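The next block holds one structure in the form of structure tokens; read it before the comments.
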Amino acid sequence: MTITQIVQNQQHQRISEISQKTQGKAHVNPYSTPGMSLNNAGDYRKIVPVDNDVAQQVRQMAFDHMKNGYGVSDGEDISQVIRDYTMSLAPEQRLSASWTLNELFHSEAARLGEYVHQQDPDWDWGKPFDTSILDGYQQGVDILI
């Protein structure tokens, strides 16, 4: 088999996989988190109801990142929490739930950043600050869950 034939064969296989949706089989996005379905995804960037415990865990992680890393982290911990939760949902619900939790996390992180900056106007992300100023912080909800 020549290289051209191999490439053509791979292309035909990809086309066949994509056309599975028209044959009634679920299409799973091979370029995102495993198990994420594109069926009826539409605009997945929408806020959807999520488990309150997971939402609270996400907010707490934003707080912990601020307190322990001055607002900076590698993001692996929050990614794992979101991935674990979304994989417990039906494939068609996963994209929007993931979007919702990411928005919740970033909203809380931004609120924390604003709070710290109000207390210490010279502060910037990653720059150390007196973490005792977080003792007066109240978690907020900028989006409905």
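When Rg is the radius of gyration of the Cα atoms in region 51-145 and Rh is its Kirkwood radius, what does Rg/Rh come to? Rounded to two decimals, Rg over Rh is 1.01.
In sequence order, region 54-66 has phi-based couplings of 5, 4, 5, 4, 5, 4, 5, 5, 4, 4, 4, 5, 5 Hz under the Karplus curve 6.51 cos²θ - 1.76 cosθ + 1.60, θ = phi - 60°, and Gly or Pro positions carry x. Sorting GLU108, GLU92 by accessible area puts them as GLU92, GLU108; the probe is 1.4 Å, largest comes first, and only protein heavy atoms count.
Just reorder ARG94, ARG83, ARG45 by solvent-accessible area, largest first, 1.4 Å probe, all chains present.
Values: ARG94 25, ARG83 90, ARG45 135 Å².
Largest accessible area first, the list is ARG45, ARG83, ARG94.
What part of the accessible area of region 47-127, given as a whole %, is carbon or sulfur when the probe is 1.4 angstrom?
Details: 1970 of 4270 Å².
Solvent-exposed carbon and sulfur of region 47-127 make up 46 percent of the total.
The values are calculated or read from the model by the stated rules, or taken from the named source; none is laboratory data. Quantities reported herein were computed from a predicted structural model and do not represent experimental measurements. These area figures cover heavy atoms from the full protein model, side chains too; ligands, DNA and RNA do not enter into them. Shrake-Rupley method; radii C 1.70, N 1.55, O 1.52, S 1.80 Å.
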